[in-house]
Amino acid sequence: MRVSLGFLYAPVFCLLWITKHAVDSVQLSAPERVTGAYGGSVTVSCQYDLQFREHTKYWCKGKTYELCNIVVKTPKNRGSKRSFIADDKETGVFTVNMTDLRKEDDGMYWCVIARKGRNIYTGVRLHVSDTVITTTTPTPTTSPPVTRHEICWWVALRWILFILMLSCLVATHIVVWRIDCKETKQTDASVNLNIYN
């Protein structure tokens, strides 16, 4: 009896996705939600690992990252009429400032680091309240800085888990192969016995 192992691949791919997502979240962080008053302004700080200091950063809007539209991007503090971006490469933080907030500004935004292959991104939901103000409203800052030690730990953990899962998968294949061989030999022996009888 041949055992199907297709279902064993799913946990491997799931594990790879989870560890990759965890590493990305360590490399780039931002507040999950910020609120600004109608007519006011809001500032969002996106903190990144210093290995990305020379990469292009941008701020885009859309329900999903894959379909978002770029609002502002680096370098040289490029901005739009009401949005500005600044990248502090010494501290590893790029900051987005949106002014004269309107109801249509409400929605999902993304802090993004552009790189070859797959970009790194994290989502920020902006809520524009109905209160009308004319002064700047500060917003929550990001979580405490992420150290290089924490990033190295996540990368090492990812590879350790990957190797363990791969070892389990190979071991399972070997066991199934041996069971298959044993059953084949028993079947051949039965056939030969019947022929001689």
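A few comments on the model shown:
- If you go through region 101-115 and keep only what is within 12 Å of CYS46 (Cα to Cα) and open to solvent by 20 Å² or more (accessible area, probe 1.4 Å), you end up with just TRP110.
- Considering residues of region 31-61 that are in contact with a Gly (Cβ under 8 Å, 6 or more places away or on another chain) and part of a loop (DSSP other than H, G, I, E, B) only, the residue surrounded by the fewest Cβ atoms within 10 Å (Cβ to Cβ): GLU32
- So ARG118, is it modelled with pLDDT under 65, under 30 Å from ILE85 (Cβ atoms) and exposed (fewer than 13 other Cβ atoms within 10 Å of the Cβ): no
- Matching residues in region 165-197 - criterion: being at pLDDT below 80 and aromatic (Phe, Trp, Tyr): TYR196
- Of all the listed residues (VAL26, VAL12), the sole one being under 14 Å from the mean Cα position of the chain (by Cα) and modelled with pLDDT under 95 is VAL26.
- Within region 64-94, being of a type in the set (Ser, Thr, Tyr) and either in a loop (DSSP other than H, G, I, E, B) or at pLDDT 95 or above (or both) holds for THR64, THR74, SER80, THR91.
- Any pair with Cβ under 9 angstrom, 6 or more apart, that starts in region 41-52 at a residue that is closer than 15 Å to VAL72 by Cα and ends at one that is charged (D, E, K, R): VAL42/ASP105; CYS46/LYS57
The values are calculated or read from the model by the stated rules, or taken from the named source; none is laboratory data. Predicted model, so just to flag it, every value in this text is computed and none were measured. Please note: Cβ atoms are built from the backbone with ideal geometry, for glycine as well, and neighbour counts cover all protein chains shown. Ligands, DNA and RNA are excluded from the accessible area calculation, which covers all protein heavy atoms including side chains. Shrake-Rupley method; radii C 1.70, N 1.55, O 1.52, S 1.80 Å.
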